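Below is one structure; the comments refer to it alone.
The values are calculated or read from the model by the stated rules, or taken from the named source; none is laboratory data. A quick note: this is a predicted structure, and the numbers were derived from the prediction, not measured. Every residue, glycine as well, gets a Cβ built from its backbone with ideal geometry; the counts of neighbours run over all protein chains shown. To get the accessible areas, we keep the full protein, side chains included, count just its heavy atoms, and leave off ligands, DNA and RNA. Shrake-Rupley method; radii C 1.70, N 1.55, O 1.52, S 1.80 Å.
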Amino acid sequence: MTTSAWLMNPIFGIALSIAAYTAAQYIHQRWRWLHPLFVCSGFILCILLSFHIPYAAYKVGADMITVLLGPATVALGVPLYKHAGLIKKHITSIMVAVTIGSLTGILGAAALVGLLGGSRDILLSMLPKSVSSPIALEISRHLGGLPELTAVLTVLTGLFGSMIGRKLLSWLGIRDALSIGIAVGTAAHGIGTARLLKDSEEEGSMSGFAMGAAGIVTSILFIPVYWWFS
């Protein structure tokens, strides 16, 4: 088998992903603040760039792993069910917080791009960065942004929120599971939720609910934005 044929084999992308994530988990055990996905992504990027491997070759195998995201996301329903009583009890406060947080994320992104003098394409690509990737990509595509750039910004937002979210909230004096979960889920979508689930099922379940609610709320908030830029 030639080198090019081997690279286009799905086994290459799967093997590289598993090796990178295993190494990332080992590093995470030593430096807990480093998110495994951050290290894993950096490791894969360095390999592809160092050996001049096209992303398309890696994507053939990586897409097979991506399929597993569906069942993994559905699995979030288990802790949600277990803590449904707490969510129902505070549903009004939660939805208000999610709405304000989603609006703040949009306005914050717009302000940042404006202050840095970013182009219209960058603005439209960055606005939906705080919701989960499938929703963010669709919003970006309908607005006329660059979905590829949106994907990168969305992942970076999740990684950043997962690494400093709880520490920042703790520094601000916010330590209860409900507040932490809602804040991280609204701002850092699935990556932040996965991080919280490793330490606290209650925080993770609140974050999972906030992530889903933020996706719905953000989609509604973008209706006037879409009209404005159309």
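For region 120-230, the convex hull drawn through the C-alpha positions has a volume of 90 cubic angstrom per residue.
Once the convex hull of the alpha carbons of the chain is built, what does its volume come to per residue, in cubic angstrom?
On the way: hull volume 32.0 nm³, N = 230.
Here the figure is 139 Å³ per residue.
Using a simple spin-label model with pseudo-atoms 7 Å out from Cα toward Cβ, ILE216 and MET95 lie 0.8 nm apart. To the nearest 10, the accessible area of PHE229 is 60 Å² with a 1.4 Å probe. Sorting HIS52, HIS83 by accessible area puts them as HIS52, HIS83; the probe is 1.4 Å, largest comes first, and only protein heavy atoms count.
Taken along the Cα-to-beta-carbon direction at a fixed 7 Å, the label points for ALA56 and SER170 span 4.6 nm. The mean accessible area for residues of the chain, using a 1.4 Å probe and ignoring ligands and nucleic acids, is 56 Å² per residue. Within the chain, the selection of entire DSSP H helices by a Cα span of 24 Å or greater along the long axis and an average Kyte-Doolittle value of at least -1.0 returns 10-30, 91-115, 147-171, 201-229.
What residues from region 193-224 fall in the zone where the backbone N is under 11 Å from a label point 7 Å along the Cα-to-C-beta line of LYS88? Answer for this model: none. Report note on the peptides 147-160, 128-141: ranked by the mean count of other C-beta atoms within 10 Å, highest first, their order is 128-141, 147-160.
Give me the distance between the Cα centres of region 154-179 and region 86-150, rounded to whole Å. Going from one Cα centre to the other spans 17 Å. Magnitude of the charge dipole for the chain, about its Cα centre and with charges confined to Cβ atoms of Lys, Arg (+1) and Asp, Glu (-1), is about 340 debye. Taking label points 7 Å from Cα along the Cα-to-Cβ direction, ASP121 and CYS46 give a separation of 3.0 nm.
Roll a 1.4 angstrom probe over the protein heavy atoms and tell me the percent of accessible area of the chain that is carbon or sulfur. Mind dumping the intermediate values first?
Values: 9470 of 12940 Å².
It is 73 percent, rounded to a whole number.
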